[in-house]
Amino acid sequence: WGNKLETPTNYDPSDFFNTGVTELNGFTMTTGTEKNQTYASISTTNSTGILPNNAYNRYNFSLRNTAKFCNDKLTLDLGAQYIIQNNKNMVGSGQYFNPLVSLYLFPRGENFQEVQMYERYSESRNIMTQYWPTAIFGTDLDMQNPYWIMNRMQNRMSKRRYMFNASLKWEIASWLNVTGRVRVDNSDLDGIEEYYASTKTTFTEGSNKGYYGHTKQNDRAVYADLMASINKNFFEDRLSFNANIGTSLNDMQEDIMYLKGGLQQVTNMFHLGNIKMDTSKRNEKKWHDQVQSVFASAELGWNHQLYLTMTGRNDWDSKLAFTSKGSYFYPSVGLSWVISESFKLPEPISYLKVRGSWAEVASAPSRYLTLMQYEYNEQTNTYEYPSTHYNTDLKPENTKSWEFGVNAKLWKNRINVDLTWYKSNTFNQTFYVDASASSGYKRNIVQTGNIQNKGIELAVGYTDTFNKVKVSTNVTFTRN
């Protein structure tokens, strides 16, 4: 900006920053007996940022109790956690919500101390207004005072999160147990935006009296399952059998409501009733997903040499509501053979195993694609006919895969080799395609495609000891 200065500038951008301080405190208590144990803790995190008027605080409260009763056949585990979190003026990216941009572009020949008093009294408006002589930047760098951004473009967030978990395990026999678990994770969030009058009207929806926004978000999550586990050996431990069978429920909800806009009547009165409604942004978004499942897995092992593993799972997913495909099943099967346990191999081969598996996995498409719904336009605050045509014939995306592998250890485990061949195909992918103009829609939802991945993975490792110093190296090769 201009000619070289006759006298050095006293402007130093680092003067804008503070020394950031983070303080951690914690208190823990444990007590109990052989049958019952209790744990409690309180911890705090308090931080002031390197930028002015920036802070973060977090408070954690935890409680847990574990108890055994009925001759140690029943084990009850209960836990609770409550978290309070709030922050103020977290720095955003971009040119206008980030004070650093105007800070480091400030011309060195100007007097920065003058703009440190970032607001001046306006007799005509009877309020304090932003002081920022934009002429020093020129029209192409029309930014805002960095102190104004941190002190008069306030954004605050407070969050309350509470979690509960419980499990009860019943040891029916030495080889059979049943476990039930439930976990609740709920949180409530409040977000506030307050931009004082004389903030650039680009960010106040054209209002010269300020801007206010209030966001509320509630999240709810519940997970529960019930599972029986079997672990038993037969024929003098030559045949091993491990199995799990159970059911689960995963329920998640989110509810967001917000109202944002420029102020209409009273300057710098941050209240919902003072928002100019015809130019405001407002919306309410809700969704509720639930997946109900049954599942089972089993492994048969023969003489520590041959292992057969099978799994199966069936999900009823709410995202498939209003379709003919209310649920989907995906199984898997795997077989592995430790050859070195079955035969005496040449001395250089310390260990040799071959394995193969086939698996199928599935996942439901996104929510709200199977039912006709009007779309809310935040710019015009009106409901509009949907631009995408719903599809009641959607299916879960499905991936089928197989792989074969070899694991070997050579020369007394000095060399390890892991080789895998694999192939997978993914079907029923969801795409959006252009719709004909006569249909009244802009897009249609279709499911198609067959994405195939196949390849090889090879890993070779070498480990040895020389003069009591352990040396190891690994080489990998992949081709997909």
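The values are calculated or read from the model by the stated rules, or taken from the named source; none is laboratory data. Quick caveat: nothing in here was measured; it's all calculated off a predicted structure. Here Cβ is always computed from backbone atoms with ideal geometry, including for glycine, and neighbour counts include all displayed protein chains. For accessibility, only protein heavy atoms count, side chains too; no ligands or nucleic acids. Shrake-Rupley method; radii C 1.70, N 1.55, O 1.52, S 1.80 Å.
Residues in the range 87-109: is at least one farther than 30 Å from S187 by Cβ and charged (D, E, K, R)? Within the range 87-109, one or more residues are farther than 30 Å from S187 by Cβ and charged (D, E, K, R).
Suppose we keep only residues that are of a type in the set (S, T, Y) and not in a strand (DSSP E or B) within the range 19-38. Which one would you say is farthest from R64 (Cα to Cα)?
Residues of the range 19-38 that are of a type in the set (S, T, Y), as a first pass: 19, 22, 28, 30-31, 33, 38.
Adding the requirement that they be not in a strand (DSSP E or B) leaves 19, 33.
Values: T19: 38, T33: 14 Å.
Filtering the range 19-38 for residues that are of a type in the set (S, T, Y) and not in a strand (DSSP E or B), the one farthest from R64 (Cα to Cα) comes out as T19.
Only residues that are more than 17 Å from N86 (Cβ to Cβ), open to solvent by 30 Å² or more (accessible area, probe 1.4 Å) and not acidic (D, E) were counted in the range 180-217, giving 13. Of the residues making up the range 133-163, those that are modelled with pLDDT of 95 or more, hydrophobic (A, V, I, L, M, F, W, C) and touching a Leu at 6+ places or on another chain (Cβ under 8 Å) number 1. Looking at Q85, Q37, just one residue is surrounded by 15 or more Cβ atoms within 10 Å (Cβ to Cβ), among the polar types (S, T, N, Q) and touching a residue at least 40 places away in the same chain (Cβ under 8 Å), and that residue is Q85.
When T380, T311 are checked against the criterion of being open to solvent by 50 Å² or more (accessible area, probe 1.4 Å), of a type in the set (V, I, T) and not in a loop (DSSP other than H, G, I, E, B), T311 stands alone in meeting it.
So that you can scan it fast, the table gives a plain yes or no per residue for (1) closer than 27 Å to G455 by Cα; (2) among the charged types (D, E, K, R):
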residue	(1), (2)
L335	yes, no
P346	no, no
K353	yes, yes
A359	yes, no
T370	no, no
L394	no, no
W411	no, no
T420	yes, no
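Does at least one position in the range 58-81 carry a residue that is of a type in the set (A, V, I, L, M), open to solvent by 70 Å² or more (accessible area, probe 1.4 Å), in contact (Cβ under 8 Å) with a residue 12 or more places away in the chain and in a strand (DSSP E or B)? Scanning the range 58-81 turns up at least one residue that is of a type in the set (A, V, I, L, M), open to solvent by 70 Å² or more (accessible area, probe 1.4 Å), in contact (Cβ under 8 Å) with a residue 12 or more places away in the chain and in a strand (DSSP E or B). Figure legend. Inter-residue proximity from the range 5-32: first residues under 30 Å from P99 (Cα atoms), second residues basic (K, R), beta-carbon distance below 6 Å, spacing 6+ or different chains. Indicated pairs: T9/R108; Y11/R108. Criterion applied to T430, T426 was being of a type outside the set (D, E, K, R), closer than 22 Å to G405 by Cα and in contact (Cβ under 8 Å) with a residue 12 or more places away in the chain, and the one residue passing it is T426. Using beta carbons and a limit of 6 Å, which pairs, at least six apart or on different chains, have the first residue in the range 270-283 and farther than 18 Å from Y383 by Cβ and the second one open to solvent by 80 Å² or more (accessible area, probe 1.4 Å) and part of a helix (DSSP H, G or I)? Pairs that qualify, where the first residue is farther than 18 Å from Y383 by Cβ and the partner is open to solvent by 80 Å² or more (accessible area, probe 1.4 Å) and part of a helix (DSSP H, G or I): there are none.
Scanning the range 370-390 turns up one or more residues that are among the aromatic types (F, W, Y), within 30 Å of K281 (Cα to Cα) and without any contact (Cβ under 8 Å) to a residue 12 or more places away in the chain. Looking at the range 251-282, which of its residues are within 25 Å of D188 (Cα to Cα), in a strand (DSSP E or B) and either open to solvent by less than 40 Å² (accessible area, probe 1.4 Å) or hydroxyl-bearing (S, T, Y) (or both)? Those that are within 25 Å of D188 (Cα to Cα), in a strand (DSSP E or B) and either open to solvent by less than 40 Å² (accessible area, probe 1.4 Å) or hydroxyl-bearing (S, T, Y) (or both): D251, I256, Y258, L259, G261, I275.
The C-beta contact set for the range 326-343 (first residue of a type in the set (S, T, Y), second residue open to solvent by 90 Å² or more (accessible area, probe 1.4 Å), distance under 7 angstrom, 6+ apart or interchain) comprises S327/W316; S332/W358. Checked against (1) modelled with pLDDT under 90; (2) open to solvent by less than 40 Å² (accessible area, probe 1.4 Å); (3) of a type outside the set (V, I, T), L369 passes all but a single condition, namely (1). Residue by residue through the range 314-344, note down the ones that are touching a His at 6+ places or on another chain (Cβ under 9 Å), open to solvent by less than 60 Å² (accessible area, probe 1.4 Å) and outside any strand (DSSP E or B). Result: S318, single match.
Applying the criterion of being in contact with a Phe, Trp or Tyr (Cβ under 9 Å, 6 or more places away or on another chain) and among the aliphatic types (A, V, I, L, M) to the residues of the range 151-175, the residue that is nearest to F270 (Cα to Cα) is M153.
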